[in-house]
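Notes to accompany the following structure.
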Amino acid sequence: MNRLALFAELSAALSARERAILGPPEPGVRPASVLVPFYEEAGAPHLLFLKRPQGEYRHAGQVAFPGGKREGRETALACALREAHEEVGLEAKDVEVLGELDEYDTVVTSFRVTPIVARIPFPYPLRPDPREVEKLLYVPLSKLLDPRIFREEKREASGRTWKIGFYDIGPDPVWGVTAGMLGPLLEIVRALPCMAAATGAA
């Protein structure tokens, strides 16, 4: 895989595609954003996740991307950059924005999330806020692309049965909202020309 081609092609693919913009939100649904941070380590692309601390609040103990609800008239990008700075100490000036993914509505927590895909430097002096972050997870893209780590389970929520995706990256799986946003991103990555060349596809 040509990692330089990967980021250029991913940015181009995100710009060229038509994002899914959802209709008017249900009452009580609040806008939010997350930053989906790619980085390079030892010549290989990775994604940065964080694990939320345990506690009595939404998404406690889950693996997530840095992010949260928007404030005032804040844009999706401004929110993602602010949250990433507050949660892990990432400076906005060090973020290279690659594009946006489709809007995503959470089922239980009533957020409408805009995922912002970005590239960040590595190594980087990240400063996780212990109130927001139990630990950071550094996951190779190649591992996430392995279909063997993906599974689905049926769960009941809001009076309906939902298929919930899980990526078994280790003791702390990526699931729920984060898995729902990660899946479409990985499909875009799989379709990039550099990925086809890496796998010997035509």
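The values are calculated or read from the model by the stated rules, or taken from the named source; none is laboratory data. As the structure is a prediction and not an experimental result, all values here were calculated from the model. Cβ: placed from backbone, ideal geometry, glycine included. Neighbour counts: every protein chain shown.
Remarks
- In the range 8-29, of all residues being in a loop (DSSP other than H, G, I, E, B) and among the charged types (D, E, K, R), the one that is surrounded by the fewest Cβ atoms within 10 Å (Cβ to Cβ) corresponds to Glu18.
- Residue count for the range 27-71, restricted to those that are closer than 15 Å to Glu86 by Cα, free of Cβ contacts under 8 Å to residues at least 12 places away in the same chain and of a type in the set (Phe, Trp, Tyr): 0
- Condition check for Glu152: at pLDDT 90 or above and either of a type in the set (Asp, Glu) or outside any helix (DSSP H, G or I) (or both): yes
- In the condition set (1) of a type outside the set (Gly, Ala, Ser); (2) assigned to a loop (DSSP other than H, G, I, E, B); (3) crowded, with 16+ Cβ neighbours inside 10 Å, Glu87 is compliant with all but (2).
- Look at (1) surrounded by 14 or more Cβ atoms within 10 Å (Cβ to Cβ); (2) in a helix (DSSP H, G or I) and you find that Pro128 fails only one, number (2).
- One residue stands out among those in the range 155-173 that are of a type in the set (Gly, Ala, Ser) and assigned to a strand (DSSP E or B): the one that is surrounded by the most Cβ atoms within 10 Å (Cβ to Cβ), which is Gly165.
- Any chance Glu74 is surrounded by 13 or more Cβ atoms within 10 Å (Cβ to Cβ), over 16 Å from the mean Cα position of the chain (by Cα), outside any strand (DSSP E or B) and free of Cβ contacts under 8 Å to residues at least 24 places away in the same chain: yes
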